[in-house]
1. Take segment 155-173 and flag every residue that is among the polar types (S, T, N, Q) and more than 22 Å from Val65 (Cβ to Cβ).
2. How many residues does segment 152-165 hold that are in contact (Cβ under 8 Å) with a residue 12 or more places away in the chain and over 13 Å from Pro124 (Cα atoms)?
3. Which of the residues spanning segment 218-258 are aromatic (Phe, Trp, Tyr) and part of a helix (DSSP H, G or I)?
4. When segment 245-271 is examined, which residues are found to be of a type in the set (D, E, K, R) and either within 18 Å of Leu289 (Cα to Cα) or buried (at least 21 other Cβ atoms within 10 Å of the Cβ) (or both)?
5. I need the strands (runs of 3 or more DSSP E) fully contained in segment 50-156, keeping only those with at least 3 residues that are modelled with pLDDT of 95 or more and either over 30 Å from Trp224 (Cα atoms) or of a type in the set (Asp, Glu) (or both).
6. Just to be sure before I move on: is Val228 without any contact (Cβ under 8 Å) to a residue 24 or more places away in the chain, of a type in the set (A, V, I, L, M, F, W, C) and within 24 Å of Gly126 (Cα to Cα) in the structure I sent?
7. Quick check on my filter: what residues within segment 199-223 are buried (at least 20 other Cβ atoms within 10 Å of the Cβ) and either over 30 Å from Gly72 (Cβ atoms) or of a type in the set (Gly, Ala, Ser) (or both)?
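The values are calculated or read from the model by the stated rules, or taken from the named source; none is laboratory data. Everything numeric here is computed off the predicted structure, so don't read it as measured data. Positions of Cβ are backbone-derived with ideal geometry, glycine not excepted, and every protein chain shown enters the neighbour counts.
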Amino acid sequence: MPAQKEIIGFIGLGAMGRGMAANCVKKGFPLLVHDIAPGPVASLTALGATAAPTVADVARQCAIVVTVLPTGREVESVVMGTAGIFAHARPGTLVMDLSTIEPETTDKLHAEARRLGMRAVDAPIGRLAWHAERGESLFMVGATPEDFATVRPLLEAMGSTIHHCGPGGAGTRTKLVNNYLAIISCQLNAEALALSQRFGLDLSKTLDVIHGTTATNGQLKINWPNKVLAGDTSPGFTIDLAHKDLSLIVGAANTARVPVPIAAAAREAFSTARARGMGGQDFSAMADLLCDLAQIERPRLSTKS
């Protein structure tokens, strides 16, 4: 595996990036890591990674640099800014961005890479932080076939499911479509379960019915029993991030002249949760918000055997 012999740059060690970087180290990839927070850097160096003081240091030393950043603003600064990767990297350097950002920013990244004689891959992440920790992330990749082949060993170290969605930009756009359905499902589930609570129905029986019909969905069947329905709203994917992604979806759809009224309405529901101080909770906590607003009991599955 040739990529393992060269040090890989990794910038962004948040909830997702830290777990994925750790899996790269554990699977034999030497990493040079950077983050504005010292804690995650220390945890990675304890595993065997090397710390870099600046983005420029990463760019100068690595032929492949992975970025996992919060928004398009950080991607533009870290990758294309005056102190960024492109300003200090060698020709031929490949930047693989795993962030969920605006399609326009992804397109700009690819265009700027081509102009400078470098390469770019967009590979936003599917699934949640605990999947990243276990090396079970899903990736939606936009890249040339050659660049996809180059980064595939890295992606396999970080995830269990990899989809080459098409050329540059296809990964980002696929991620927005996927997250549209995932986040909207949370809003629909929250409203449906609030109604069930108001009706006084048995939650377990109601879920048995739903999971036996086409009304079921992955959030309600797989994620929610381990999160809000178990009383755990610690963040796997926060309400703040869901709101950010809905804003990206609405903006991208408007640019493409595709009406998305459901996305717009859901975004305002998530705005309500943020206004009530719930932005840092798991996005399944939308069920708690709806029940609190209706002044009914929050939905919880019994822990009795």
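1. Matches in segment 155-173: Ser160, Thr161.
2. Number of matching residues: 4.
3. Trp224
4. If the condition is that a residue be of a type in the set (D, E, K, R) and either within 18 Å of Leu289 (Cα to Cα) or buried (at least 21 other Cβ atoms within 10 Å of the Cβ) (or both), then Asp245, Arg267, Glu268 are the ones that fit.
5. In segment 50-156, the matching strands (runs of 3 or more DSSP E) lie at 64-67, 94-97, 119-122.
6. no
7. Leu207, Leu220 - these are the residues of segment 199-223 that are buried (at least 20 other Cβ atoms within 10 Å of the Cβ) and either over 30 Å from Gly72 (Cβ atoms) or of a type in the set (Gly, Ala, Ser) (or both).
For (1) surrounded by fewer than 16 Cβ atoms within 10 Å (Cβ to Cβ); (2) closer than 26 Å to Asp245 by Cβ; (3) under 13 Å from the mean Cα position of the chain (by Cα), each residue gets a yes or a no:
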{"residue": "Ala83", "(1), (2), (3)": "yes, no, no"}
{"residue": "Ala89", "(1), (2), (3)": "no, no, no"}
{"residue": "Asp97", "(1), (2), (3)": "no, yes, yes"}
{"residue": "Ala111", "(1), (2), (3)": "yes, yes, no"}
{"residue": "Gly117", "(1), (2), (3)": "yes, no, no"}
{"residue": "Val121", "(1), (2), (3)": "no, yes, no"}
{"residue": "Trp130", "(1), (2), (3)": "yes, yes, yes"}
{"residue": "Arg134", "(1), (2), (3)": "yes, yes, no"}
{"residue": "Met140", "(1), (2), (3)": "no, yes, yes"}
